[in-house]
Structures are given as C-alpha cells and as structure tokens.
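Undergrad: Here it is, the structure, as structure tokens.
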Amino acid sequence: MKLIIQIPAWNEERDLAEAIAALPRQVEGFDEVEVLVVDDGSSDRTAGVAQSSGADVVRLPVHRGLAVAFSTGIHCCLEGGADVIVNTDADNQYDARDIPALVRPILDGTAQMVIGDRQVATVRHFSAAKRFLQRLGSWVVRRLSGTEVRDATSGFRAISRAAALRMHVFTRFTYTLETILQAGEAGFKVVSVPIRINPGATRPSRLFSSNFNYVARSLASMARIVILYNPLRIFLVLGFIPIGLGGALLIRFLWFYASGNSPAGHIQSLILAVILVVVGALIWLAGIIADLTAVTRRLLEEMVERQRTDGPGHRR
C-alpha cells in the first residue's frame with residue numbers, strides 16, 4: 001500500500017519547508033509514504049525548497065491556477081502507483097498529525113473520499129461573515145451532492161485510488177467543491193473527520209479578493225458541474241416555468257371562450273401562451289440533448305478511467 005501526500009504550491013518558499021517537515025513519513029496501513037509538490041509556475045524558490053526538503057517535484061511552466069495544479073498532482077500520484085492520495089496546503093494551515101485519521105475511513109473501506117472538517121464555527125481568525133458563508137456553502141454542497149460534508153471548502157482531504165481515477169476537474173478556480181459534487185454524482189461515499197489547523201497559518205487567500213467574489217465564482221462552479229452531470233433535472237425545472245405560465249394563459253383564454261365572453265380581446269394572451277409553451281418545450285428539448293451529452297461524457301470518463309487503470313503505476 002502506497003500513500004502519496006501532494007501539495008499544490010505557488011510562490012510558497014517561505015512556508016513550504018515547514019509544511020513538508022511536518023508531514024509523517026510513516027502512516028499505519030501503508031508500506032510507503034511519499035511527498036509530491038506541484039509547483040504551479042512559481043517565480044520564487046518553491047521548487048528548490050521542495051527538493052531540498054526531500055519531496056518529489058512536478059513543475060508547471062506557467063501559473064495555471066490551483067485547480068490545474070491539483071489535477072496535475074492527482075494524475076502524477078496515480079502514475080506513481082498511489083493507493084491513497086492526501087492533498088494538503090503549502091502554507092502549513094492544516095495539522096499534518098491528523099493525516100492518519102484522514103486516511104482511516106478509506107483503509108477501513110467505509111469511504112472513498114474524506115474531507116477534513118476545520119469546524120469553522122470555532123476558527124477564531126475567520127470573520128463572522130466568512131464563517132456564515134462557509135456553513136452556507138457546505139449546506140448547498142450537501143444538498144446538491146447528496147453527501148454529508150461539513151466543510152466543503154477544506155483542501156485537506158484523502159482520496160482513494162478508485163475515486164481519483166474518476167476525477168476530472170473542469171474549472172480553473174478551485175477543485176474543492178467540484179470534486180465533492182463529482183464524487184456524489186459518481187456514487188462514492190464521502191465523509192468528514194474533525195481536523196486541527198495551525199493557528200499561525202493566517203495568510204490571506206490568493207484565490208479571491210473578497211467574500212463576494214468567492215461566493216460568485218463558487219456558485220458559478222457549482223451550477224456548471226450540476227448542469228454538466230445532471231442537466232435534465234435543471235432544464236425540466238426551467239422549462240416548466242414558461243410552460244406553466246403559458247398553460248395558465250391558455251386556460252384563461254379557453255374559459256373566456258367557453259363562457260360566451262368575446263375572446264377577441266384576449267388574442268394577445270393566446271399568442272403569448274403559445275410563445276411561452278414553445279419556449280418551454282425548446283428548453284426541455286435542450287435538456288434532453290444535454291442529458292444525452294452527459295451520458296456520452298460519462299462513457300468517455302469510463303474510457304479514461306480504464307486507460308488510467310491500465311497505465312503506469314496501475315494496481316490490480
């Protein structure tokens with residue numbers, strides 16, 4: 001059994017050595033433990049610090065963003081034969097002593113993805129607005145994914161090989177929400193375990209400039225992944241709105257017609273009703289096409305999974 005701990009890093013020379021030094025080199029249940037740093041086009045000595053600290057390094061030629069660095073790390077870990085992958089941050093925010101607890105549900109076979117729960121309500125350096133938004137966002141992700149994740153934005157997580165093989169991150173913003181939604185859609189068991197955070201790691205986030213910016217981009221990411229994987233449900237709801245309105249106008253017109261009132265003064269309502277029904281039907285048709293596309297995407301993902309399984313570092 002092999003565990004690879006991956007660290008996406010961008011200009012993290014200040015904290016990276018401390019973060020790597022804190023990582024365990026032996027974890028119960030694993031014969032091998034390796035550390036992989038994904039240098040996301042850093043302009044400082046991030047790669048050099050990682051190498052001198054004993055980590056393997058993959059370098060991206062230019063800065064691509066956290067999601068791309070995460071995906072690159074997952075691909076390299078799979079090629080390296082990882083049975084379980086742990087993702088953590090380069091700023092030493094998460095307490096590495098919790099890694100054994102993080103991987104335990106996967107080793108026990110009770111989960112395929114484990115999210116570290118920072119218990120944001122008790123994190124002192126989070127503002128009240130940030131704590132509220134974190135809880136609200138996690139609630140939305142739970143509803144959309146059908147999982148019981150308590151801290152959806154936590155980057156401290158363990159992923160089984162089976163789940164990693166099915167993982168495809170489309171956004172370049174962040175992987176945290178999208179991977180949970182994908183896991184839920186794929187039927188994987190996702191659980192949370194309480195973790196500790198290091199109080200000194202309070203560097204401002206580089207992902208977003210404000211809470212509003214983060215919420216807007218997160219909502220866009222969630223909407224995109226839901227539409228990608230379950231479009232028919234969304235389009236059926238959207239199409240029902242104009243069809244419902246059009247049906248109501250049509251019933252109103254027929255009532256005037258049947259009651260003997262002159263329907264001539266209500267021709268506009270009839271025309272609008274027909275337009276609304278046609279628009280709703282077109283939305284439903286778009287949903288059917290999108291659903292067929294989603295089926296094709298799932299088949300392609302299964303093909304990619306088989307290719308990954310048969311590639312370097314595969315396990316049988």
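Each reported figure results from applying straightforward, stated rules to the coordinates on display, with no laboratory input. Model, not experiment: these values are computed from the prediction. Note: ideal-geometry Cβ built from the backbone for every residue, glycine included; neighbour counts use all protein chains shown.
Undergrad: For Cα pairs less than 8 Å apart in space and 6+ apart in sequence, what is the mean separation divided by the residue count of the chain, i.e. the relative contact order in percent?
TA: 17
Undergrad: Hey, another quick one. Which of rounded, prolate, oblate describes region 5-56, given a ≥ b ≥ c as roots of the alpha-carbon gyration tensor eigenvalues and a/c under 1.5 marking rounded, otherwise prolate only if a/b is larger than b/c? Display every interim value, and only then the final one.
TA: Working: a/c = 2.69, a/b = 2.16, b/c = 1.24.
Note, shape of region 5-56 comes out prolate.
Undergrad: Per residue, what volume in Å³ does the convex hull of the Cα atoms of region 1-155 enclose? Intermediate values should be presented prior to the final figure.
TA: Values: hull volume 19.3 nm³, N = 155.
Enclosed volume per residue, from the Cα hull, is 125 Å³.
Undergrad: How big is the charge dipole of the chain about its Cα centre, in debye rounded to the nearest 20, if each Lys and Arg gets +1 on its Cβ and each Asp and Glu gets -1 on its Cβ?
TA: In total the dipole reaches around 960 debye.
Undergrad: Taking the Cα centre as origin and putting +1 on Lys and Arg beta-carbons and -1 on Asp and Glu beta-carbons, what dipole magnitude results for region 1-116, to the nearest 20 debye?
TA: Using only the charged Cβ atoms, the result is roughly 140 debye.
Undergrad: Let me know the charge dipole size of region 93-189 about its Cα centre in debye, to the nearest 20, where only the beta-carbon of Lys, Arg (+1) and Asp, Glu (-1) is charged.
TA: 200
Undergrad: Here is a follow-up. For the chain, what ratio Rg/Rh do Cα atoms give with a Kirkwood hydrodynamic radius?
TA: Reported Rg/Rh (Cα atoms, Kirkwood Rh): 1.12.
Undergrad: Around V58, with a cut-off of 14 angstrom between Cβ atoms, what is the net charge of the other residues, counting Lys and Arg +1 and Asp and Glu -1?
TA: On the way: positive: R59, R64; negative: E34, D39, D40, D56, E79.
Net charge in that neighbourhood comes out at -3.
Undergrad: Moving to a separate point now. Looking at region 145-199, which chymotrypsin sites (Phe, Trp or Tyr not before Pro) are DSSP coil and have at most 16 other C-beta atoms within 10 Å of their C-beta?
TA: Sites meeting the loop and neighbour criteria: F170.
Undergrad: For region 38-88, what is Rg from Cα atoms divided by 2.2 N^0.38 Å, rounded to two decimals? Could the numbers behind the result be given before it?
TA: Details: Rg = 11.1 Å, N = 51, 2.2 N^0.38 = 9.8 Å.
My calculation over the Cα atoms of region 38-88 gives 1.13.
Undergrad: Only Cα pairs under 8 Å and at least 6 apart count here; give the relative contact order of region 1-80 as a rounded whole percent.
TA: 35
Undergrad: Hey, another quick one. If only Cα atoms are counted, what is the Rg of region 74-179, and what is its Dmax, in Å?
TA: Here Rg and the maximum Cα pair distance are 14.1, 42 Å.
Undergrad: Once the Cα atoms of helix 211-229 and of the chain are each reduced to a long axis, what angle between those two axes, in degrees from 0 to 90 to the nearest 10, is obtained?
TA: Helix 211-229 and the main axis of the chain meet at about 70 degrees.
Undergrad: Sticking with this one: When only C-alpha pairs under 8 Å and at least 6 residues apart count, what is the relative contact order of region 64-178, in percent?
TA: 41
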